[in-house]
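Trainee: Before we start, here is the structure in question, set down as structure tokens.
The values are calculated or read from the model by the stated rules, or taken from the named source; none is laboratory data. What you are looking at is a predicted structure, and each value in this text was computed from that prediction instead of being measured. Methodologically, a virtual Cβ is constructed for each residue, glycine included, from the backbone with ideal geometry; neighbour enumeration extends over all protein chains shown.
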């Protein structure tokens, strides 16, 4: 998977025509992880048709009726989202960075995360608890792991690497640290917040 | 609990501390870190860490390897900040690693424009950091800011047209609240510049044109409108003197490279060092090493700053081993030429006039039938970082010795986005590593040469078979680290050049070594091939 390469939105960095997409599928993108594929035209066109259908499905999904400006105020105020999440240069890095959440997640998915945060936790957003042999516990978002070490960002935004052999306990947290906002926000406020989050597409690239 | 965890917990305040400019300016106070491309703004690539010594260097062993998912040359020098290493996977993916284990914290992938074009590899030489933000130049001429904690982009500023050949390959330099970079692309007939950008927003604060336009000082050194395609790349990071508030940058060759006929004149500020006011970008002084260059002798070297006693009086000196084969000492307050002496074979000049201008040897110019010139096209040295040890007082250079090129010139028409070279240099030494080496010694070889910078006299040489593209690191304990195209990584005695230890890393070494410590243990990192290797003493 190429980070940031979400193919479901109907917008592509290198081309937006069907013919251009066919060419990319067949010839790849030099200098990137996208390899050429030895596919005849009709098969490449089938893939393009699938990508287009995903985009259409997304467009016909949940309509976001909220007000993004009000949603921003909720994010920064009543929702207190910045205590865990970061947008641009503001907020905490402890939770997932939401600067381009609107480019990678759909409105319905975001709304579900607000109402049922435990329903689907992406693997990259899992939290762990590590307790050292001295009893010191560290909770953080898992960044990486191997048979001997664990990497995480903790509640103080420190990038830490722990040695498994020196831990007496290591566990994944079953529940997301994210609270459910179903009853904390009104439906209108939640719609505003979703509208704001959908508008976050990352930084502009010239 | 683990010693590391205890340490990290205890060091909470330090670990979370932002990298202020004051920390960068005084980076020598925290040798456990490597906060800027050459170690400190003085660019000596010298560390005060002294755990590894000539007596125990033979006990070094591999600690970890990080293999990049890239087949490009791995030229980046990593940064290390409080146990976290930051480097670049070519061409432009930023990586955060645990400095003690090499395990990845995060990777941010940047996809350069398909329009980007670079003469000499889709490479990157490293990052800069200020606060919690990393800065990187890209091969499609963007300057980007990335959150150092989570690898998310903060701003992205396109500063040149990649379709015209503009690119960025060097690590940015931080001065106060600004990020300073210069564009490359001299082989495509760009008009080069150095510019400073606001670290918070990416907005341009000042710009210095390395090829002066109408009304700018030095424009008179260009005729025939040749300034419009004059080149003047920046390939490596500059230096900074806080007392003088001057930032120093070496500037690349004029375009076209090997045929000077379309561009009569000295072609300022190509092949020069410029001293710029760090707040305004205004030129304080310049010195041109190779006026009207036709040998691709761009001044693609790191300016090395040292405060030393010079002929009986303290002086602020800039040492410079130039691609043109000469080692220079320059007064960095005013640009006065103090001395210049060959450190490899040189046949294009035979001395200096009273102002420090090289005296050319008639006939030693590119020709249609070819003219043999020493040093050859890749130079006596090149972008590979030298080192100055204040402990030994010696200056160390990665050299291509006994190396020449046959310079053949031709007439090229400028066409935007195409290479604009004006000829072809030919040499027995290939530009890239070949799988086998059949050359005789007099056809060129690599060497680390130690010279007394006050006299230019060679003190010792460590000779290789193939040439070297590796930088040099020296330590306060008189160990010198370097490598070569053969793939060996060496520890030498900085006092004598004696081999202390070596490791065969397989791939060509095309980067500068650096050193840091975590938990009181000294590490040395070097990239070779497409991997990053880190060594320490056996425990």
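Trainee: How many residues does the stretch B:129-144 hold that are more than 9 Å from chain A (Cβ to nearest Cβ), at negative phi and part of a strand (DSSP E or B)?
Mentor: Count: 7.
Trainee: Which condition number in (1) closer than 24 Å to residue B:236 by Cα; (2) at pLDDT below 95 is the one that residue B:3 fails?
Mentor: Every condition holds for residue B:3 apart from (1).
Trainee: Checking the conditions here, which among B:157, B:150 is within 14 Å of chain A (Cβ to nearest Cβ), out of contact with any helix residue (DSSP H, G or I) (no Cβ under 9 Å at 6 or more places or on another chain) and part of a loop (DSSP other than H, G, I, E, B)? Let's see the steps before the verdict.
Mentor: Values: B:157 fails: part of a loop (DSSP other than H, G, I, E, B).
Criteria check complete, one pass: B:150.
Trainee: Follow-up question, since we're still on this one. Kindly indicate whether residue A:143 is facing chain B (nearest Cβ under 9 Å) and either within 12 Å of residue A:176 (Cα to Cα) or modelled with pLDDT of 95 or more (or both).
Mentor: Values: facing chain B (nearest Cβ under 9 Å): yes; either within 12 Å of residue A:176 (Cα to Cα) or modelled with pLDDT of 95 or more (or both): yes.
Judged against the criteria, residue A:143 is a match.
Trainee: Which members of the stretch A:123-138 meet the condition of being away from chain B (no Cβ under 13 Å) and surrounded by fewer than 16 Cβ atoms within 10 Å (Cβ to Cβ)? Give the derivation first.
Mentor: Quick first cut of the stretch A:123-138, residues away from chain B (no Cβ under 13 Å) only: A:123, A:126-129.
Those that are away from chain B (no Cβ under 13 Å) and surrounded by fewer than 16 Cβ atoms within 10 Å (Cβ to Cβ): A:123, A:126, A:129.
Each row is one residue, and each column tells you yes or no for (1) in a strand (DSSP E or B); (2) within 20 Å of the chain's Cα centre (by Cα); (3) closer than 23 Å to residue B:236 by Cβ.
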{"position": "B:459", "(1), (2), (3)": "yes, no, no"}
{"position": "B:466", "(1), (2), (3)": "no, no, yes"}
{"position": "B:471", "(1), (2), (3)": "no, yes, yes"}
{"position": "B:485", "(1), (2), (3)": "no, yes, yes"}
{"position": "B:496", "(1), (2), (3)": "no, no, no"}
{"position": "B:501", "(1), (2), (3)": "yes, no, no"}
{"position": "B:525", "(1), (2), (3)": "yes, yes, yes"}
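Trainee: Further question: Based on this model, can you work out whether residue A:108 counts as farther than 30 Å from residue B:141 by Cα and either within 16 Å of the chain's Cα centre (by Cα) or within 14 Å of chain B (Cβ to nearest Cβ) (or both)? Don't jump to the end; show me each part of the working.
Mentor: Numbers: farther than 30 Å from residue B:141 by Cα: yes; either within 16 Å of the chain's Cα centre (by Cα) or within 14 Å of chain B (Cβ to nearest Cβ) (or both): yes.
Yes; evaluated as a whole, the condition is true for this residue.
Trainee: Tell me which residues, restricted to the stretch B:93-128, are more than 10 Å from chain A (Cβ to nearest Cβ) and closer than 23 Å to residue A:204 by Cβ.
Mentor: Of the stretch B:93-128, the ones more than 10 Å from chain A (Cβ to nearest Cβ) are B:94-95, B:115, B:117-121, B:123-128.
Those that are more than 10 Å from chain A (Cβ to nearest Cβ) and closer than 23 Å to residue A:204 by Cβ: B:94, B:115, B:124, B:127, B:128.
Trainee: Yes or no: residue B:61 within 20 Å of residue B:534 (Cβ to Cβ), crowded, with 22+ Cβ neighbours inside 10 Å, more than 10 Å from chain A (Cβ to nearest Cβ) and touching a strand residue (DSSP E or B) at 6+ places or on another chain (Cβ under 9 Å)? Before you say what the answer is, go through the steps one by one.
Mentor: Values: within 20 Å of residue B:534 (Cβ to Cβ): yes; crowded, with 22+ Cβ neighbours inside 10 Å: no; more than 10 Å from chain A (Cβ to nearest Cβ): yes; touching a strand residue (DSSP E or B) at 6+ places or on another chain (Cβ under 9 Å): yes.
So residue B:61 does not fit the description; no.
Trainee: Being touching a strand residue (DSSP E or B) at 6+ places or on another chain (Cβ under 9 Å) and either more than 23 Å from residue B:393 (Cβ to Cβ) or in contact (Cβ under 8 Å) with a residue 40 or more places away in the chain (or both) is true for just one of B:279, B:331, B:307. Which residue is that? Walk me through how you get there before you give the answer.
Mentor: Details: B:331 fails: either more than 23 Å from residue B:393 (Cβ to Cβ) or in contact (Cβ under 8 Å) with a residue 40 or more places away in the chain (or both); B:307 fails: either more than 23 Å from residue B:393 (Cβ to Cβ) or in contact (Cβ under 8 Å) with a residue 40 or more places away in the chain (or both).
From the options B:279, B:331, B:307, the qualifying one is B:279.
Trainee: Quick one: would you say residue B:77 is more than 19 Å from residue B:152 (Cβ to Cβ) and within 9 Å of chain A (Cβ to nearest Cβ)?
Mentor: no
Trainee: Here is a follow-up. Residue check: is residue B:265 surrounded by 24 or more Cβ atoms within 10 Å (Cβ to Cβ) and touching a helix residue (DSSP H, G or I) at 6+ places or on another chain (Cβ under 9 Å)?
Mentor: Working: surrounded by 24 or more Cβ atoms within 10 Å (Cβ to Cβ): no; touching a helix residue (DSSP H, G or I) at 6+ places or on another chain (Cβ under 9 Å): yes.
Answer is no for this residue.
Trainee: Oh, and also: Any idea how many residues of the stretch B:347-365 are within 15 Å of residue B:320 (Cβ to Cβ) and without any contact (Cβ under 8 Å) to a residue 40 or more places away in the chain? It would help to see each step written out before you state the result.
Mentor: Residues of the stretch B:347-365 within 15 Å of residue B:320 (Cβ to Cβ): B:352, B:356, B:358.
Right, trim to without any contact (Cβ under 8 Å) to a residue 40 or more places away in the chain and you get B:352.
Summing the residues that are within 15 Å of residue B:320 (Cβ to Cβ) and without any contact (Cβ under 8 Å) to a residue 40 or more places away in the chain in the stretch B:347-365 gives 1.
Trainee: Which pairs turn up if I take residues in the stretch A:157-168 that are at the interface with chain B (Cβ under 7 Å from one of its Cβ atoms) and look for partners that are surrounded by fewer than 16 Cβ atoms within 10 Å (Cβ to Cβ) and modelled with pLDDT under 95 with beta carbon separation below 8 Å, at least 6 apart in sequence or on another chain?
Mentor: Sorted first by the residue in the stretch A:157-168, then by its partner, the pairs are A:157/B:16; A:158/B:12; A:158/B:16; A:166/B:3.
Trainee: Looking for something closer than 24 Å to residue B:274 by Cβ, in contact with a helix residue (DSSP H, G or I) (Cβ under 9 Å, 6 or more places away or on another chain), within 14 Å of chain A (Cβ to nearest Cβ) and assigned to a loop (DSSP other than H, G, I, E, B) - is there at least one such residue anywhere in the stretch B:172-189?
Mentor: Step one: list which residues in the stretch B:172-189 are closer than 24 Å to residue B:274 by Cβ, which gives B:172-189.
Among the residues that remain, those that are also in contact with a helix residue (DSSP H, G or I) (Cβ under 9 Å, 6 or more places away or on another chain) are: B:174-177, B:185, B:188-189.
Imposing the further condition that a residue be within 14 Å of chain A (Cβ to nearest Cβ) reduces the set to none.
Taking every residue of the stretch B:172-189 in turn, none turns out to be closer than 24 Å to residue B:274 by Cβ, in contact with a helix residue (DSSP H, G or I) (Cβ under 9 Å, 6 or more places away or on another chain), within 14 Å of chain A (Cβ to nearest Cβ) and assigned to a loop (DSSP other than H, G, I, E, B).
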